[in-house]
Amino acid sequence: MEDGSIQGRMAPNVGSMLKIKNEYIRVALAESLCTFIMMVFGLGTVAQVVTGEGYFGEYLSINIGFGLAVAMGVHVGGKVSGAHMNAAVSFTMCVFGRLRWKMLPLYVFAQFLGSFLAAGTIFSLYYDAINHFCGGNLTVSGPKATAGIFATYPAPYISVYTGFFDQVAGTGLLLLCLMALSDQRNQPLVSGGEAVGVGLLVMLIGVSMGSNSGYAINPTRDLGPRLFTLMAGWGTEVFRAGNCWWWVPLVAPFIGGVLGALIYKALVELHHPDLKSTITRPAVDPECIPLDKCKNGRIEIPV
């Protein structure tokens, strides 16, 4: 037997041995990886802007970076796990029956793991830059603060109440628009354009609502890196800063996500006409009907 034919017979066997068929494992791996991709690129843009002190980007760079990062994440895991990359999205999908409740812990764990590992990766890549920027003093607030590279913190003038509303509103708009973009009876994204559409949506939220508290709008995106900074040297201040801000991006997005999806469903989706009532006879001139549509002396008008 020739070498080529041997390889051709062996390759499928090796592939089948490595293939994971368990749905839960496939979903967990895909969701972890796409979240990792989103967070590596997203946190990387923040690290570059902060440590570069304006020489390697500015606030708009962060918004563009996170938007493109989300788009890449959707490409990586979209057809396997749906690429939620956000516990608030997964929770909302469960509330509206688009995801089984028993899958929620799996999604949340995968997203947390991907975010945590991404924070560690960026810390390793920018370790020297971070130390050069802050002189080795890892702080949460002040002119040389670096904790904000990884997790979100409110602006000094923002109260907890305003910040909570900020996160509810931001996540609500995210889920409202996601519901619209996926609504096949409205104006959905074209097939293959989901990644670009979702990425542009995240970028839009950033450029319009990001200055108050960094638009976390994602519990697992914020908690994973925050826990990493706790372990990496920033200390417990990461949970005390901003009047114990940490719980706001953890709780508010769940409320905002459900409210946003509910608003879209109540004001738009529930009121789509029934499919039967939307089937109408087209305005066709019978004299221009193709010959193959005329059978037995009568005209067939497609419905």
### Query
Among the numbered criteria (1) under 19 Å from Phe41 (Cβ atoms); (2) surrounded by fewer than 19 Cβ atoms within 10 Å (Cβ to Cβ); (3) touching a Leu at 6+ places or on another chain (Cβ under 6 Å), which single criterion is violated by Leu181?
(1)
### Ala147, sole failed condition from (1) surrounded by 22 or more Cβ atoms within 10 Å (Cβ to Cβ); (2) of a type in the set (A, V, I, L, M, F, W, C); (3) farther than 19 Å from Glu53 by Cβ
(3)
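Yes/no matrix, rows are residues, columns are (1) modelled with pLDDT under 95; (2) in contact with a His (Cβ under 6 Å, 6 or more places away or on another chain); (3) surrounded by 10 or more Cβ atoms within 10 Å (Cβ to Cβ):
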residue	(1), (2), (3)
Gly242	yes, no, yes
Lys265	no, no, yes
Lys276	yes, no, no
Asp285	yes, no, no
Ile289	yes, no, yes
### Query
What pairs can you find where one residue is in segment 219-234 and touching a residue at least 60 places away in the same chain (Cβ under 8 Å), the other is crowded, with 24+ Cβ neighbours inside 10 Å and not in a helix (DSSP H, G or I), and their Cβ atoms are less than 6 Å apart, with a gap of 6+ or different chains?
Asp222/Ala151; Asp222/Thr152; Asp222/Ala216; Pro225/Phe150; Pro225/Ala151; Arg226/Ala151; Thr229/Phe150
### Message
Here is a list: Pro154, Pro143. Which entry is out of contact with any Leu (no Cβ under 6 Å at 6 or more places or on another chain) and without any contact (Cβ under 8 Å) to a residue 60 or more places away in the chain?
### Response
Pro143
### Task
Scan Asn137, Asn131, Asn86 and give me the residue that is more than 24 Å from Asn212 (Cβ to Cβ), among the polar types (S, T, N, Q) and in contact with a Lys or Arg (Cβ under 8 Å, 6 or more places away or on another chain).
Asn137
### Task
Starting from segment 84-104, keep only residues that are closer than 16 Å to Lys265 by Cα and free of Cβ contacts under 8 Å to residues at least 60 places away in the same chain, then list their pairs with residues that are among the β-branched types (Val, Ile, Thr) and part of a helix (DSSP H, G or I) whose Cβ atoms are within a distance under 9 Å, requiring at least 6 positions of separation or different chains.
Arg98/Thr92
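Quick check, is Val50 out of contact with any His (no Cβ under 9 Å at 6 or more places or on another chain), modelled with pLDDT of 95 or more, over 16 Å from Asn218 (Cα atoms) and surrounded by 21 or more Cβ atoms within 10 Å (Cβ to Cβ)? Explain how you work it out, then say what you get.
Details: out of contact with any His (no Cβ under 9 Å at 6 or more places or on another chain): yes; modelled with pLDDT of 95 or more: yes; over 16 Å from Asn218 (Cα atoms): yes; surrounded by 21 or more Cβ atoms within 10 Å (Cβ to Cβ): yes.
Considered against the rule, which asks whether it is out of contact with any His (no Cβ under 9 Å at 6 or more places or on another chain), modelled with pLDDT of 95 or more, over 16 Å from Asn218 (Cα atoms) and surrounded by 21 or more Cβ atoms within 10 Å (Cβ to Cβ), Val50 comes out as yes.
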#### Entry: Where Leu204 falls short, out of the listed (1) surrounded by 18 or more Cβ atoms within 10 Å (Cβ to Cβ); (2) part of a helix (DSSP H, G or I); (3) touching a Gly at 6+ places or on another chain (Cβ under 9 Å)
(1)
### Message
Give me the residue from segment 113-144 that is surrounded by fewer than 20 Cβ atoms within 10 Å (Cβ to Cβ) and within 17 Å of the chain's Cα centre (by Cα) and, out of that set, farthest from His84 (Cα to Cα).
### Response
Leu117
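The values are calculated or read from the model by the stated rules, or taken from the named source; none is laboratory data. Just so it is clear, the model here is predicted, and its values are computed rather than measured. As a convention, Cβ positions derive from the backbone with ideal geometry for all residues, glycine included, and neighbour counts pool all protein chains shown.
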